[in-house]
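To start, the structure under review is shown below, and the notes come after it.
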Amino acid sequence: MAAVVITRTAIADLDRLTTTLNLPAGTRDRVRSSLGPLTAFPLFGPRLAGRWQGLRFALGPWSWMLIVYVYVDERDLVAVVTIQDARSAESATSQT
């Protein structure tokens, strides 16, 4: 079972989204639930390309929430590097 860690950057991203989008109080718990399957299936998320190459993504508790992560096979570790609003023009995509 892979360990899952959330970086400080990803936590700050989630806090910003929670504030700016007025997300419910249980948002962090919902995100943790969304990360659960990655412990058993760390390569589940599609690969990203371009400047995001080497990273994968999973959808959060809402279909617009991208959880961008890297899997470190040698350590059996999933590190969440950012959490983004997929509706934003700056968000990670599989194309660029």
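Return the total of residues in segment 20-49 being open to solvent by 40 Å² or more (accessible area, probe 1.4 Å) and in contact with a Lys or Arg (Cβ under 9 Å, 6 or more places away or on another chain). Looking only at that region, the number is 5. Selection over segment 1-20 of residues that are in a loop (DSSP other than H, G, I, E, B) and modelled with pLDDT of 95 or more gives a count of 2. If you filter segment 9-46 down to residues that are within 13 Å of the chain's Cα centre (by Cα) and among the basic types (Lys, Arg), you find that the one that is nearest to Val80 (Cα to Cα) is Arg32. Of the listed requirements (1) open to solvent by less than 100 Å² (accessible area, probe 1.4 Å); (2) under 12 Å from the mean Cα position of the chain (by Cα), Gly54 misses just one: (2).
Touching a helix residue (DSSP H, G or I) at 6+ places or on another chain (Cβ under 9 Å), small (Gly, Ala, Ser) and surrounded by fewer than 17 Cβ atoms within 10 Å (Cβ to Cβ) - does that describe any residue in segment 3-19? Within segment 3-19 (the criterion being touching a helix residue (DSSP H, G or I) at 6+ places or on another chain (Cβ under 9 Å), small (Gly, Ala, Ser) and surrounded by fewer than 17 Cβ atoms within 10 Å (Cβ to Cβ)), the answer is yes, since at least one residue qualifies.
The values are calculated or read from the model by the stated rules, or taken from the named source; none is laboratory data. Note that the structure is predicted; figures quoted are calculated from it, not measured. Every residue, glycine as well, gets a Cβ built from its backbone with ideal geometry; the counts of neighbours run over all protein chains shown. These accessible areas exclude ligands, DNA and RNA; they are computed on the full protein's heavy atoms, side chains included. Shrake-Rupley method; radii C 1.70, N 1.55, O 1.52, S 1.80 Å.
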